[in-house]
Amino acid sequence: MPTVRKLNEEGFGVVGGILIPYSAPGDEIEIEEVKRIKKSRVATKWKLLRSSPLRVGARCKAFGRCGGCILQHIDYSYQLEFKKEKLRKILGLEVEVIPSPRIFGHRNRIDLAVTVEGIGFRERGKWWSIVDIKECPVFGPTSKKAIKRLREFIEEEKIETWRIREDKGFLRYMVLREGKFTGEVMVNFVTKEGELPDPSPYFDFATSIYWSINRTKSDVSYGDVERFWGKKFIAEELDGVKYLIHPNSFFQTNSYQAVNLVKMVAKFVNGEKVLDMYSGVGTFGIYLAKKGFEVKGFDSNEFAIEMARENANINGVEAEFFVATDKEVEVRGFDTVIVDPPRAGLHPKLIKRLDREGPETLIYVSCNPKTFYQNVKQLKNYRIEEIIGLDMFPHTPHVEIVSKLSKI
């Protein structure tokens, strides 16, 4: 009987070079069918003969089909060890990983596909197939209520739903967002062109309801705002700092761990003048400004900067936010620069500019340890002084890192 000895970086078990989805180290298995998917050999059918002691009961009934939480069947303490080992392999460093304060009900956003097959998330590896769900445990109880009301809304108002393979149908997504510390809920319906009946009688628990139209050919869960009911924004609060959330604005998806994230960034700041690069809605910048730092922030997304200015206003801080790209921003004159780039990492020209003109302290926030490692190697004039991992994404192989880099 083959035994799964380890997980690869994506969280799949490995036996003789074959990937075993949803397995755990210590599982004794029987492989029944193997297919080549992209460049990997994957066991598409296998039997569990003897369970690993690391296994726990997955709380979600869709586990094993839904492509989201591929580690939900593994004891949480081992999930953290797995992420530490992943960072050790990529970075060559021992990095502490701070556990998420909650491992269920922690996500403040989910994007549910609304299709003729059902309401839920895509089946792992099948873009055309939706796993029908009644609730999402990583989002919490509000999901059950919202999905139940959505089914009633569709049935009673006779709303046409999405046929994915044909790319036809009116209602495509329902995006749920929830302020975990405020209790405020936003429901955003993403449709194609057409008419949406008034959803407010069905979603009376929501603080804010939006209707957005996706006028592109892309499969995305956002669009142009057509109208809204209730409040224009919902609010979230992190350690006493309030943030407004709009359907088209990004916010850290784990509010409970985001508190630790902003505290860690603040701890790493040196001096008084801070530049918040890729600032988004001002998550770091406004938190630091409220702590008394002199903050400037920028983002290439004009709407994100509008939200950052609004967030600065409601918190009574004087942080300055402006629209710009990382190619044109002046990095001189600051004590600390914070970078929180996309998964692709920092642009090579920015790396050279930071090396040449950057401050004494650089704080690098990353959800992609591989690009972080590549960028740090390219930053010849900086060294890692402190680094910490934060589990923003329980039950997945992903891990966030925050590092304080000091000028050599």
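The values are calculated or read from the model by the stated rules, or taken from the named source; none is laboratory data. Quick caveat, the model's predicted, so the values are computed rather than measured. Every residue, glycine as well, gets a Cβ built from its backbone with ideal geometry; the counts of neighbours run over all protein chains shown. Areas reflect the complete protein model, heavy atoms only, side chains present, ligands, DNA and RNA absent. Shrake-Rupley method; radii C 1.70, N 1.55, O 1.52, S 1.80 Å.
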Practice task
Please find, within region 175-189, the residue that is nearest to Glu236 (Cα to Cα) out of those that are out of contact with any Ser or Thr (no Cβ under 8 Å at 6 or more places or on another chain) and surrounded by fewer than 20 Cβ atoms within 10 Å (Cβ to Cβ).
Solution key: Thr182
Fill in the blank from the handout: For region 190-215, the count of residues that are of a type in the set (A, V, I, L, M, F, W, C), farther than 15 Å from Lys231 by Cα and either in contact with a Lys or Arg (Cβ under 6 Å, 6 or more places away or on another chain) or open to solvent by 40 Å² or more (accessible area, probe 1.4 Å) (or both) equals 1
Exercise for the section: Output the strands (runs of 3 or more DSSP E) that fall wholly within region 1-119 and possess 3 or more residues being open to solvent by 60 Å² or more (accessible area, probe 1.4 Å), or say none. Expected result: 28-37, 40-50
Handout entry: Ser143 being within 26 Å of Phe372 (Cβ to Cβ), hydroxyl-bearing (Ser, Thr, Tyr) and crowded, with 19+ Cβ neighbours inside 10 Å
Key = no
Exercise for the section: Search region 26-47 for residues that are closer than 16 Å to Asn8 by Cα and pair each with any residue that is hydroxyl-bearing (Ser, Thr, Tyr) and open to solvent by less than 100 Å² (accessible area, probe 1.4 Å) when their beta-carbon atoms are under 6 Å apart and the residues are at least 6 apart or on different chains. Expected result: Gly26/Ser52; Asp27/Ser52
Completion exercise
Only unsatisfied item for Asn270, checking (1) among the polar types (S, T, N, Q); (2) open to solvent by 10 Å² or more (accessible area, probe 1.4 Å); (3) under 16 Å from Val175 (Cβ atoms), is (3)
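Per-residue answers, yes or no, for (1) closer than 22 Å to Gly11 by Cα; (2) assigned to a loop (DSSP other than H, G, I, E, B); (3) charged (D, E, K, R):
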{"site": "Ile363", "(1), (2), (3)": "no, no, no"}
{"site": "Lys380", "(1), (2), (3)": "no, yes, yes"}
{"site": "Gly389", "(1), (2), (3)": "yes, no, no"}
{"site": "Phe393", "(1), (2), (3)": "yes, yes, no"}
{"site": "Thr396", "(1), (2), (3)": "yes, yes, no"}
Exercise for the section: Evaluate region 331-353: report whether one residue or more is in contact (Cβ under 8 Å) with a residue 60 or more places away in the chain, open to solvent by 40 Å² or more (accessible area, probe 1.4 Å) and in contact with a Gly (Cβ under 7 Å, 6 or more places away or on another chain). Expected result: yes
Practice task
Considering each residue of region 30-76, count those that are more than 26 Å from Asp111 (Cα to Cα), hydrophobic (A, V, I, L, M, F, W, C) and touching a Leu at 6+ places or on another chain (Cβ under 6 Å), and give that number.
Solution key: 1
Handout entry: Condition check for Ser366: of a type in the set (Gly, Ala, Ser), surrounded by fewer than 18 Cβ atoms within 10 Å (Cβ to Cβ) and within 22 Å of Val97 (Cα to Cα)
Key = no
Practice task
Identify, from the list Gly57, Gly140, the residue that is within 19 Å of the chain's Cα centre (by Cα) and of a type outside the set (Lys, Arg).
Solution key: Gly140
Exercise for the section: Among the residues of region 221-267, write down those that are open to solvent by less than 10 Å² (accessible area, probe 1.4 Å), free of Cβ contacts under 8 Å to residues at least 60 places away in the same chain and not aliphatic (A, V, I, L, M). Expected result: Ser249
Exercise for the section: Look at Arg122 and say whether it is under 20 Å from the mean Cα position of the chain (by Cα), over 22 Å from Phe12 (Cα atoms) and open to solvent by 10 Å² or more (accessible area, probe 1.4 Å). Expected result: no
Practice task
For region 148-174, name all the residues that are touching a Pro at 6+ places or on another chain (Cβ under 7 Å) and either assigned to a strand (DSSP E or B) or open to solvent by 30 Å² or more (accessible area, probe 1.4 Å) (or both).
Solution key: Glu157
